[in-house]
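**Student:** Next up is a structure, given as structure tokens.
The values are calculated or read from the model by the stated rules, or taken from the named source; none is laboratory data. Remember, it's a predicted structure, so these values are computed and weren't measured experimentally. A quick note on method: Cβ atoms are made from the backbone with ideal geometry, for glycine too, and the neighbour counts reach across all protein chains shown. Ligands, DNA and RNA are excluded from the accessible area calculation, which covers all protein heavy atoms including side chains. Shrake-Rupley method; radii C 1.70, N 1.55, O 1.52, S 1.80 Å.
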Amino acid sequence: MTTTSAVEKPIKKRLASLDALRGMDMFWILGGQSIFAALFVLTGWSGWKVFEAHTVHSAWHGFTFYDLIFPLFIFLSGVAMGLAPKRIDHLPWNERKVYYRKAVKRLLLLCSLGVMYNHGWGTGIPLAFDEIRYTSVLGRIAIAWFFCAMLVWHTSIRTQVYTAVGLLLGYWLLLCFIPVPGGVAGDLSAVGSWNAWFDKHFLPGISYQNRPVDPEGVLSSLPAIINAMAGVFAGQLIIRSSKIGEWKTAGILFGAGVVSVCLGWLWNLQFPVNKELWTSSFVLVTVGWSAILLAVFYALVDILNGQKLAYPFVIIGVNSIIIYIASSLVNWSYISRSVFGGFINAAPDLWQSLIAVIALLLVQILVLHWMYKRKIFVSV
């Protein structure tokens with residue numbers, strides 16, 4: 001998602017890799033995840049099935065590439081904030097309240113857009129308040145960004161690090177060692193976890209697919225703040241690249257990512273990697289992969305000037321929020337069939353699935369290309 005904060009100002013050289021990586025992340029949601037299934041139909045090679053397995057979320061414990069998409073968005077929202085950090089706690093109230101007002105407005109707007117996204121296809125948002133799903137991907141991004149912004153605006157880097165570590169360890173202690181009321185300590189099941197208890201008692205409306213635990217539920221929003229904070233640290237490292245060197249910056253990001261992934265999988269032995277619960281080990285694994293991908297994109301796009309090759313991702317990244325919401329409100333498959341249906345039907349049977357996926361992506365990219373050329377950028 002496009003996540004420009006109220007106090008952020010563009011750095012002298014726009015970080016193209018940030019837009020490109022955000023666009024790559026969104027690419028899979030737009031329809032890119034269907035490519036591997038189509039390639040399997042075309043070639044029959046079983047290796048595509050291995051890739052296809054990573055285009056769906058883990059059933060419970062475990063990790064797939066698709067599990068990374070959401071936390072990577074949150075991480076990148078932190079990177080954008082870290083590129084232009086600013087403390088405002090020293091300002092008089094009349095100046096500070098402008099930032100607070102914009103931050104609250106952004107929080108509420110993203111949460112509202114998330115509700116719209118949840119009920120985009122079908123009958124629309126129910127009139128009965130208890131039939132609405134209030135939690136959402138956009139809502140969690142908004143919450144993580146909001147609390148991350150409050151920390152960046154009011155505390156030092158040291159305090160931010162202590163807060164992130166405290167959340168990481170505190171969440172682990174709660175889920176693994178403190179008994180759930182009426183239950184036991186360390187229950188990480190969908191029904192008996194602290195997350196299920198919080199969603200049952202504090203989550204208004206309905207949960208995702210009426211599950212006991214909502215994947216964007218109340219309690220698991222806390223560790224998601226760490227993903228945003230890690231992005232802030234990465235952004236602050238990048239703005240120092242003129243002093244420490246661009247390649248060294250990329251190397252530090254990559255190395256820190258590898259260490260984080262290793263620590264996350266080591267922690268997995270006691271505290272399983274789980275997206276639905278957003279466990280602390282899941283945070284470390286996703287922060288690690290986010291840093292690794294940012295290092296790679298930073299090297300290829302910004303250091304080696306690969307902006308032209310990354311153009312399809314860039315145009316997705318700069319308008320990610322509008323295309324994400326449109327994926328719920330617009331039937332892109334119908335549009336692509338309306339435009340390219342003749343080509344798809346005329347192709348040999350084995351090719352039709354792949355051409356249909358390419359047509360779906362092409363329609364969306366053409367719309368984004370048109371917006372980019374006319375400098376139409378929608379952000380919240």
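**Student:** Distance cut-off 27 Å, Cα to Cα: go down the list Lys102/Lys308; Lys49/Lys308; Lys200/Lys275; Lys243/Lys375 and report the pairs above it.
**Tutor:** Listed pairs above 27 Å: Lys102/Lys308; Lys49/Lys308; Lys243/Lys375.
**Student:** Which loop-located trypsin sites (Lys or Arg not before Pro) does region 298-380 contain, where loop means any DSSP state but H, G, I, E or B and the Cβ has at most 16 other Cβ atoms within 10 Å?
**Tutor:** Lys308, Arg374, Lys375
**Student:** I need the fraction of alpha carbon pairs in the chain separated by more than 30 Å, rounded to a whole percent.
**Tutor:** Taking all Cα-Cα pairs of the chain, the fraction more than 30 Å apart is 42 percent.
**Student:** Could you order peptides 348-354, 260-266, 363-369 by the average number of other Cβ atoms within 10 Å of their residues, highest first?
**Tutor:** Final packing ranking: 363-369, 260-266, 348-354.
**Student:** Name the shape class, rounded, prolate or oblate, that the alpha-carbon gyration tensor gives for region 233-339, where a ≥ b ≥ c are the square roots of its eigenvalues, rounded holds for a/c under 1.5, and otherwise prolate holds if a/b is larger than b/c and oblate otherwise.
**Tutor:** Oblate is the answer for region 233-339, as a/c is 1.5 or above yet b/c matches or exceeds a/b.
**Student:** Assigning unit charges at the beta carbon (Lys, Arg +1; Asp, Glu -1) and nothing else, what dipole magnitude in debye, to the nearest 20, does the chain show about its Cα centre?
**Tutor:** Using only the charged Cβ atoms, the result is roughly 1500 debye.
**Student:** Counting other Cβ atoms within 10 Å of each Cβ, which trypsin sites (Lys or Arg not before Pro) in region 206-266 have at most 16 and sit in a DSSP loop?
**Tutor:** In loop regions of region 206-266 (DSSP not H, G, I, E or B), the sparsely surrounded trypsin sites (Lys or Arg not before Pro) are Arg240.
**Student:** For the chain, with the dipole built from +1 on Lys and Arg beta-carbon atoms and -1 on Asp and Glu ones, taken about the Cα centre, which of Ile238, Pro272, Ala38 lies farthest toward the positive end?
**Tutor:** Of the listed residues, the answer is Ile238.
**Student:** Out of the total accessible area of the chain (probe 1.4 Å, heavy atoms of protein only), what percent is carbon and sulfur?
**Tutor:** Using a 1.4 Å probe with all protein chains present, the chain comes out at 68 percent carbon and sulfur.
**Student:** Given a 1.4 Å probe, how much area per residue of region 29-136 is accessible, in Å²?
**Tutor:** So region 29-136 comes to 51 Å² accessible per residue, rounded to a whole number.
**Student:** To continue, here is another question. Could you pull out the trypsin sites (Lys or Arg not before Pro) across region 74-179 that fall in loop regions by DSSP (anything but H, G, I, E, B) with no more than 15 other Cβ atoms inside 10 Å?
**Tutor:** Filter output for region 74-179: Lys86, Arg87.
**Student:** A further question follows. Over all alpha-carbon pairs of region 155-284, lay out the pair-distance distribution in 10 Å bins, whole %, shortest bin first.
**Tutor:** Going out from 0 Å in 10 Å bins, region 155-284 shows 12, 36, 30, 15, 6, 1 percent.
**Student:** Express in % the proportion of alpha carbon pairs of region 97-224 at distances exceeding 21 Å.
**Tutor:** That tail contains 50 percent of the Cα-Cα pairs.
**Student:** Can you give the translational diffusion coefficient of region 197-260 in µm²/s, computed by Stokes-Einstein from the Kirkwood radius over Cα pairs at 20 °C and 1.002 mPa s?
**Tutor:** Estimated via Stokes-Einstein, D reaches 148 µm²/s.
**Student:** I would also like to ask the following. What shape does region 183-222 take by its C-alpha gyration tensor, where a ≥ b ≥ c are the square roots of the eigenvalues and a/c under 1.5 counts as rounded, a/b above b/c as prolate, and the rest as oblate?
**Tutor:** Here region 183-222 falls in the prolate category.
**Student:** Put +1 on the Cβ of every Lys and Arg and -1 on every Asp and Glu Cβ in region 61-153; which of Ser112, Met81, Pro71 then has its Cα farthest towards the positive end of the dipole?
**Tutor:** Of the options given, the answer is Met81.
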